[in-house]
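Working notes, beginning with the structure itself.
The values are calculated or read from the model by the stated rules, or taken from the named source; none is laboratory data. These numbers come from a predicted model, not from an experiment. Cβ atoms come from the backbone with ideal geometry, glycine included; neighbour counts cover every protein chain shown.
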Amino acid sequence: MKRKGNLPARALVAPTLIALAFAGLPTFAVASTDDVNKLVESVRSEALREAAHDEKRINEFLAAKNEQAALLKKAKAALAAANKRADQLRAEYEGNEKTLTEYEASLKERAGDLEDTFAIVRQAALTADNVLSTSLVSAEQKDRSDFLQKLGKGERAPTLDDIKRLWTSVFTEISESGKVVRFKATVIRPQGDEAEQTVTRAGVFTAVSDGEFLRYLPEAGKLVELTRQPPARFQRLAKGLEEAKSGMVPMALDPSKGQILALLVQSPDFKERLKQGGYIGYVILALGAIGLAIVIQRAIGLMLARRAIDRQAKTPEANDKNPLGRLHRVASEARKDSAETVGILLDEQLAEEASLLNRGLSTVAVLAAVSPLLGLLGTVNGMIDTFQTITLFGTGDPKLMSGGISLALVTTQLGLAVAVPLVLFHSLLTGRATRLIERLGKHSSEMLTNHELV
């Protein structure tokens, strides 16, 4: 189909198609020529607009294609430059890696002795920490252990400052061992409460506060007051040290740095030892008390009898309140009897006086003999308990056997502690009574001799 003017072919086909479309429909009215022209003009305008739009899109696509081609070219150039730079860096890296390997080998060769030195420094730091962390000085200087732990267990090489600080820490401990220092610290009391108190430290051996001995707890970093204090004389020394301003004062030191004081807390006192002896121990003590009372009574009686005999020997008048006076009374009453009768009467009176002077001493001897036997009985009971414990629980835990062993040893100790002094006192009092009886016998012989002469 030929074009009319500048209109495209599809613009000429459109009226024909429209006419045919209307021709097939029932026709109710005939369209005017103006309406058809308007329709044709509308279709022509739409076709021109679409053609312009398509041409614009084609131009934009061509422009974008050129731009993308330029960008692609630029990117390829950048990639080539980057690859070239990467090759240069790779070569440089390989060269540096080779140089670094050579330097590391040289460093390792030169630092061989330093590694041994660093190992020695780390070991020395851990060894020093084992000593310094349990020292009383750590209650005042709390940051020493952290530094030594880091130095001993750290992976980095110790620096010269670290070595100097380690050296300073050790020498500070040596220096503090000869000083008496007062400082404020938290003290844990036996009741469990804590209080800020003034602590006096005698070197690295002993720490006291308010006259009470203290022990250092490394795990808590605090001082704790002993639940059981040393004897009073040591507490007086501690009080004197706290009150001293200058000069030299006596003080009890713990050379084990707290171990002896810790054992002191665990060791039983006198009451606990008596309790360990059981009922047999109390029986032994009761017998000892009875024996001691008899010894005191007899010692006083023999002393008074000796003084009374001395006074009676100086006067001719007979006094029935002393043994010699009673002998004089018997001799004077039998003045008219024969010498044989007087001798018999004096011997009877002398035997009675000897019995009075020896009264109670046999009881002391019996108690002295029974006490160790009771101690032996307690020993047997204790060993029986020990063997029963071994049968039930074995020998794995010695604490389970400590009760029977304590009973066995404590009762023996108490029996000997009671028997030994009773034996000594019995021997002493028996000797005094024998001397008094011999003196009375001498006076009795003199009285019999005088009677024969008369």
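Hey, can you tell me all the residues within region 164-179 that are exposed (fewer than 14 other Cβ atoms within 10 Å of the Cβ) and either more than 28 Å from Lys245 (Cα to Cα) or of a type outside the set (S, T, N, Q) (or both)?
Selection gives Lys164, Trp167, Thr168, Phe171, Ile174, Gly178, Lys179.
Please go through (1) hydrophobic (A, V, I, L, M, F, W, C); (2) modelled with pLDDT of 85 or more; (3) assigned to a loop (DSSP other than H, G, I, E, B) for Leu72 and return the number of the only condition it doesn't satisfy.
It fails just one condition, (3).
Regarding Leu261, is this residue modelled with pLDDT of 85 or more, under 24 Å from Thr227 (Cβ atoms) and surrounded by 14 or more Cβ atoms within 10 Å (Cβ to Cβ)?
no
In region 224-257, which residue that is more than 13 Å from Val180 (Cβ to Cβ), in contact with a strand residue (DSSP E or B) (Cβ under 9 Å, 6 or more places away or on another chain) and charged (D, E, K, R) is surrounded by the fewest Cβ atoms within 10 Å (Cβ to Cβ)?
For region 224-257, the residue satisfying everything is Lys239.
Right, Gln191: surrounded by fewer than 19 Cβ atoms within 10 Å (Cβ to Cβ), assigned by TED's automatic domain parsing to the domain that holds Gln235, modelled with pLDDT under 85 and outside any helix (DSSP H, G or I) or not?
Here the answer is yes, as Gln191 does meet what is asked.
Based on this model, can you work out whether Thr379 counts as free of Cβ contacts under 8 Å to residues at least 60 places away in the same chain and of a type in the set (Val, Ile, Thr)?
yes
Within the set of pairs 6+ apart or on separate chains, which have a first residue in region 287-308 that is in contact (Cβ under 8 Å) with a residue 12 or more places away in the chain and under 15 Å from Leu440 (Cα atoms), a second that is not hydrophobic (A, V, I, L, M, F, W, C) and not in a helix (DSSP H, G or I), and C-beta atoms under 6 Å apart?
Short answer, once both residue conditions are applied: Ala308/Asn322.
Of (1) among the small types (Gly, Ala, Ser); (2) in a helix (DSSP H, G or I); (3) free of Cβ contacts under 8 Å to residues at least 60 places away in the same chain, Ser138 satisfies all except one. Which?
That leaves (3) as the condition not met.
Assess whether Arg44 counts as being over 60 Å from the mean Cα position of the chain (by Cα) and surrounded by 12 or more Cβ atoms within 10 Å (Cβ to Cβ).
yes
Conditions tested, residue by residue: (1) in a helix (DSSP H, G or I); (2) at pLDDT 85 or above; (3) of a type in the set (A, V, I, L, M).
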| residue | (1), (2), (3) |
| --- | --- |
| Gly5 | no, no, no |
| Pro26 | no, no, no |
| Lys38 | yes, no, no |
| Glu41 | yes, no, no |
| Glu46 | yes, yes, no |
| Ala77 | yes, yes, yes |
| Arg90 | yes, yes, no |
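Looking only at region 323-369, how many residues end up being of a type in the set (Asp, Glu) and under 30 Å from Gly291 (Cα atoms)?
Residues in region 323-369 being of a type in the set (Asp, Glu) and under 30 Å from Gly291 (Cα atoms): 3 in total.
With (1) free of Cβ contacts under 8 Å to residues at least 12 places away in the same chain; (2) closer than 30 Å to Phe425 by Cα; (3) among the small types (Gly, Ala, Ser) as the list, and Ser338 as the residue in question, which single condition is left unmet?
(2)
Looking at Pro398, is it surrounded by fewer than 17 Cβ atoms within 10 Å (Cβ to Cβ) and either over 14 Å from Gly278 (Cα atoms) or modelled with pLDDT of 85 or more (or both)?
Yes; evaluated as a whole, the condition is true for this residue.
Which of the following residues is at pLDDT below 90, acidic (Asp, Glu) and surrounded by 18 or more Cβ atoms within 10 Å (Cβ to Cβ): Glu446, Glu353?
Every option except Glu353 fails the conditions.
Residue by residue, here is whether (1) over 30 Å from Ala119 (Cα atoms); (2) among the charged types (D, E, K, R); (3) surrounded by fewer than 12 Cβ atoms within 10 Å (Cβ to Cβ); (4) in contact with a helix residue (DSSP H, G or I) (Cβ under 6 Å, 6 or more places away or on another chain) holds:
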site: Gln141; (1), (2), (3), (4): no, no, no, no
site: Phe147; (1), (2), (3), (4): no, no, no, no
site: Asp162; (1), (2), (3), (4): no, yes, no, yes
site: Thr206; (1), (2), (3), (4): yes, no, no, no
site: Ser209; (1), (2), (3), (4): yes, no, no, no
site: Glu219; (1), (2), (3), (4): no, yes, yes, no
site: Lys222; (1), (2), (3), (4): yes, yes, no, no
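For region 104-135: of the residues being out of contact with any Pro (no Cβ under 8 Å at 6 or more places or on another chain) and outside any helix (DSSP H, G or I), which is farthest from Ala202 (Cα to Cα)?
Checked region 104-135; the qualifying residue farthest from Ala202 (Cα to Cα) is Ala111.
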